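Here's the structure we're looking at; comments come further down.
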Amino acid sequence: MTTISAEHAEELYEAEDGDTVGPWTRITEVAHEARRWMQGHSLILRDEAGAYWSLDYDLGLTEEQPHELPWCKVDPVGLSRVYPHEVVRVVYRRTPPAGGGPS
């Protein structure tokens, strides 16, 4: 586990994918763990050495539910080490691929 300053966490949260803040590059934001009132999110970051890290937080799904952004409560904020994993996904659609398809 490693940490990131609350200031860098806030800047990366507001940044676009590919932006760099200090020694961190924002890779992507992933939504997961949908619950009744909150949805879990992970901000995936890369450090200067090329290692990937996850900054986890919750966003309220209604205007009544507050966002739970860890950098608003603690400084520095803990990050979890993550590793890229490629997944092949098959989707089905009503239009055939270019060049036709099986009938």
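Return the residues of the stretch 8-26 that are touching a residue at least 12 places away in the same chain (Cβ under 8 Å) and surrounded by fewer than 18 Cβ atoms within 10 Å (Cβ to Cβ); say none if nothing qualifies.
GLU10, TYR13, ASP17, GLY22, PRO23
Looking at the structure I just gave you, is ARG36 farther than 23 Å from ASP17 by Cβ, free of Cβ contacts under 8 Å to residues at least 60 places away in the same chain and assigned to a loop (DSSP other than H, G, I, E, B)?
For ARG36, the condition - farther than 23 Å from ASP17 by Cβ, free of Cβ contacts under 8 Å to residues at least 60 places away in the same chain and assigned to a loop (DSSP other than H, G, I, E, B) - is met.
When you scan the stretch 9-30, do you find a residue that is part of a strand (DSSP E or B), in contact with a Pro (Cβ under 7 Å, 6 or more places away or on another chain) and at pLDDT 85 or above, even just one?
For the stretch 9-30, residues part of a strand (DSSP E or B), in contact with a Pro (Cβ under 7 Å, 6 or more places away or on another chain) and at pLDDT 85 or above: absent.
Kindly evaluate ALA49 against the criterion of being of a type in the set (A, V, I, L, M, F, W, C), out of contact with any Asp or Glu (no Cβ under 8 Å at 6 or more places or on another chain) and either in a strand (DSSP E or B) or surrounded by 15 or more Cβ atoms within 10 Å (Cβ to Cβ) (or both).
No: the conditions fail for ALA49.
I'd like to check something: does the stretch 36-46 contain any residue that is in contact with an Asp or Glu (Cβ under 6 Å, 6 or more places away or on another chain) and surrounded by fewer than 14 Cβ atoms within 10 Å (Cβ to Cβ)?
no
Any idea which of LEU43, LEU59, LEU79 is assigned to a strand (DSSP E or B) and touching a residue at least 40 places away in the same chain (Cβ under 8 Å)?
Only one candidate passes the filter, namely LEU79.
Hey, any hits in the stretch 31-52 for a residue that's modelled with pLDDT under 90 and touching a helix residue (DSSP H, G or I) at 6+ places or on another chain (Cβ under 9 Å)?
no
The values are calculated or read from the model by the stated rules, or taken from the named source; none is laboratory data. These numbers were taken from a predicted model, which means no experiment stands behind them. When we count neighbours, we look across all protein chains shown, and the Cβ atoms used for this are built from the backbone with ideal geometry, even at glycine.
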